[in-house]
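The next block holds one structure in the form of structure tokens; read it before the comments.
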Amino acid sequence: MNREPTRPPDRVGAVIAAPEMPEIMPEFSPRAGVIGFLRRNPKIAVGGTILLLLLFCAVFAGFLGTVDPGAIAPSRRARPPSPEHWFGTDMIGRDLYSRVVYGTRVSLFVGFSVALVASFTGLAIGLVAGFLKWVDGPVMRVMDGLMSIPPILLAVALMALTRGSVGNVVIAIAIADVPRVCRLVRSSVLSLRELPFIEGAVTAGSSTPRIILRHVLPNALAPLTVQATYICASAMITEAILSFIGAGSPPDIPSWGNIMAEGRVLWQVKPFIIAFPAVSLSITVLAVNLLGDGLRDLLDPRSATKA
Amino acid sequence: MYGYIARRILSTIPVVLIVGVIVFSLLFVAPGDPAAIIAGDQASPADVERIRRTLGLDQSFLVQFGHWFGRVMVGDLGTSIFSGKPVTELIALRFGPTVSLMLVTLTFSVLVAVPLGVLAAARRGTWVDSAVMVMAVLGFSLPVFVVGYLVTYIFALQLHAFPVQGYKPLDEGVGPWLHGLVLPALSLGGVYIALIARVTRAAMLEVLGQDYIRTARAKGLGLGRVLFLHALKNASVPVVTSIGLGLALLIGGAVVTESVFAIPGVGRLTVDAILQRDYPVIQGVVLVFSFVYVGINLMLDLVYTLLDPRIAY
């Protein structure tokens with residue numbers, strides 16, 4: 001126990017030289033093991049565990065006592081929770097438990113996909129903008145313009161122009177997040193490119209693409225990972241909001257936003273129809289945010305001392 | 001100083017122009033035929049053609065954009081496909097409730113979040129700090145409509161303290177107006193409070209470590225005075241920035257809040273327009289709110305020069 005420092009070793013020199021460049025996983029040593037790591041990072045442990053459970057629900061949705069989430073039974077409309085229907089039934093008699101469990105798939109898929117799409121697009125644009133001066137100006141002005149449009153409204157406008165599908169929802173949400181990723185990556189690159197090791201690579205005759213991919217990219221990844229987690233969380237909320245106001249996933253897909261939208265009419269008398277997807281969504285987003293906070297503390301020791 | 005203000009105002013012109021280009025290009029970059037999608041599945045070819053002409057999709061991009069942007073600059077946002085009324089008029093009719101909702105939420109959120117952030121920083125590492133941080137995580141994680149239904153269930157359906165939904169215009173008195181906006185503001189403010197409280201706390205922590213804070217305390221100034229006058233003033237720039245940037249969250253959230261609480265504002269107009277696939281209305285709303293957002297952030301940037309005169313140099 002006493003061999004293990006509770007805080008990462010003091011790296012004053014490194015922090016002053018490159019505040020954007022924390023050492024990746026400074027506390028992870030093979031001897032400490034996974035358990036020790038999780039104990040020292042409770043946010044990652046809690047958020048990660050909940051997320052793994054949800055992922056399990058999403059993957060094995062068909063084997064968790066669910067029935068067809070689209071099966072209509074008009075004779076059993078808006079029943080309260082019972083041993084037969086754990087979460088009750090909705091206005092057209094569909095089993096709410098099954099719908100909520102299948103809804104996990106939509107939420108996780110949208111969250112992860114948006115985080116991936118926005119990160120990769122923003123990363124590519126940010127790397128290029130940070131390194132090539134003549135690209136920087138025009139590209140960043142377009143990004144400023146995109147950032148001036150409130151994200152949900154941008155997604156609404158895009159969804160109004162396309163046929164509703166989960167894939168289109170992912171793209172509509174991701175577009176609003178690209179400029180934010182792009183700015184983050186660009187600022188990492190701008191501070192990195194002034195550092196001696198990049199200068200060294202230039203002197204050694206490395207080509208620009210090689211410098212970007214081999215030297216700059218790995219060092220810009222840490223802050224991006226944290227950002228991607230937050231994007232995932234907010235994308236899940238945005239998907240639910242879009243579905244809720246009728247601009248999201250098609251109505252036949254059991255997404256949590258859709259279930260809530262359908263439950264709105266009856267909500268004053270049958271609040272459980274909205275409550276189950278609402279609680280599921282909140283827990284999921286909370287888990288992802290916790291994971292993000294944990295990663296931030298881990299990857300940026302400066303914020304860990306603050307938080 | 002005046003040079004800075006002039007430069008800052010001029011620098012918003014390209015942003016406004018680019019926002020215009022982006023909003024207009026959405027029609028052209030959307031996959032498939034937007035006119036056919038907006039017209040719906042039962043539309044006749046003539047309908048599709050009419051919509052194509054209304055949206056300006058029948059001519060080249062540059063020609064149409066020139067026409068369109070020229071009209072936007074004089075306040076003409078086109079006409080609604082569904083009602084045939086000018087979009088500007090439709091938005092103007094619905095602006096009051098939305099502005100009321102946002103103003104009340106903004107005031108309420110700042111009044112709650114800033115003291116919370118200051119308190120958390122002053123009591124760093126104690127249970128007060130942890131409680132504020134837990135609230136912030138919850139604020140970020142609970143979607144607007146979830147909070148909305150929760151507070152309505154508790155305060156309206158169970159306690160009957162506030163109306164379940166509806167909106168009273170300001171003409172009917174400040175009391176009823178404010179009374180109807182309490183629950184909507186409470187649900188819309190969640191994320192905003194979380195954001196401002198977090199930024200305030202981080203900015204305060206930075207300032208509280210400074211020598212002049214210790215000096216102020218050492219010469220016998222009270223804690224409250226030091227925190228709110230000396231420290232908060234120096235921590236105010238990031239706080240004001242977060243208030244401005246967070247407005248984007250408020251604008252997006254207002255759309256949902258208005259549909260949960262049946263407030264007849266611009267958000268409600270947007271939701272109706274989505275259901276009717278009334279694209280000119282959606283386009284107009286996106287454009288107006290983006291301009292409002294850019295404008296408010298410009299004003300806040302100018303406020304910085306009052307808070308921290310060094311910025312202007």
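The values are calculated or read from the model by the stated rules, or taken from the named source; none is laboratory data. These figures come from a predicted structure and were not determined experimentally. Backbone-built Cβ (ideal geometry, glycine too); neighbour counts: all protein chains shown.
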I need the full set of residues from the range A:278-295 which are in contact with a Gly (Cβ under 6 Å, 6 or more places away or on another chain) and within 10 Å of another protein chain (Cβ to nearest Cβ), in order please. A:ALA287, A:LEU290
How about the range A:80-195: which helices (runs of 4 or more DSSP H) wholly inside it have at least 3 residues that are within 21 Å of the chain's Cα centre (by Cα), farther than 24 Å from B:ILE296 by Cα and at pLDDT 90 or above? A:96-131, A:166-192
Checklist (1) surrounded by fewer than 17 Cβ atoms within 10 Å (Cβ to Cβ); (2) in a helix (DSSP H, G or I) applied to B:GLY75, failing item: (2)
Looking only at the range B:239-267, filter to residues that are assigned to a helix (DSSP H, G or I) and away from every other protein chain (no Cβ under 13 Å); which one of those is nearest to B:SER109 (Cα to Cα)? B:ILE243
Checklist (1) in contact with a Gly (Cβ under 7 Å, 6 or more places away or on another chain); (2) in contact (Cβ under 8 Å) with a residue 60 or more places away in the chain applied to A:LEU153, failing item: (2)
Do we have any residue at all in the range B:268-289 that's within 11 Å of chain A (Cβ to nearest Cβ) and under 30 Å from B:ARG123 (Cα atoms)? no
Given the conditions (1) surrounded by 24 or more Cβ atoms within 10 Å (Cβ to Cβ); (2) at pLDDT below 90, and given that B:THR257 satisfies all but one, which numbered condition is not satisfied? (2)
Tally time: how many residues in the range A:265-274 are more than 8 Å from every other protein chain (Cβ to nearest Cβ) and either closer than 16 Å to A:SER243 by Cβ or of a type in the set (A, V, I, L, M) (or both)? 4
Within the range A:127-165, considering residues that are of a type in the set (Val, Ile, Thr) and farther than 30 Å from B:ASP272 by Cβ, the one farthest from the other protein chains (Cβ to nearest Cβ): A:VAL128
Would you mind telling me which numbered condition in (1) assigned to a helix (DSSP H, G or I); (2) touching a Ser or Thr at 6+ places or on another chain (Cβ under 6 Å) A:LEU242 fails? (2)
Pick out the one residue from A:VAL178, A:VAL185 that is within 14 Å of chain B (Cβ to nearest Cβ), under 28 Å from A:SER207 (Cβ atoms) and buried (at least 22 other Cβ atoms within 10 Å of the Cβ). A:VAL178
Just give me the residues in the range B:184-202 being crowded, with 24+ Cβ neighbours inside 10 Å and either under 12 Å from B:PRO238 (Cβ atoms) or within 14 Å of chain A (Cβ to nearest Cβ) (or both), in sequence order. B:SER187, B:LEU188, B:GLY190, B:VAL191, B:TYR192, B:ALA194, B:ILE196, B:ALA197, B:THR200, B:ARG201
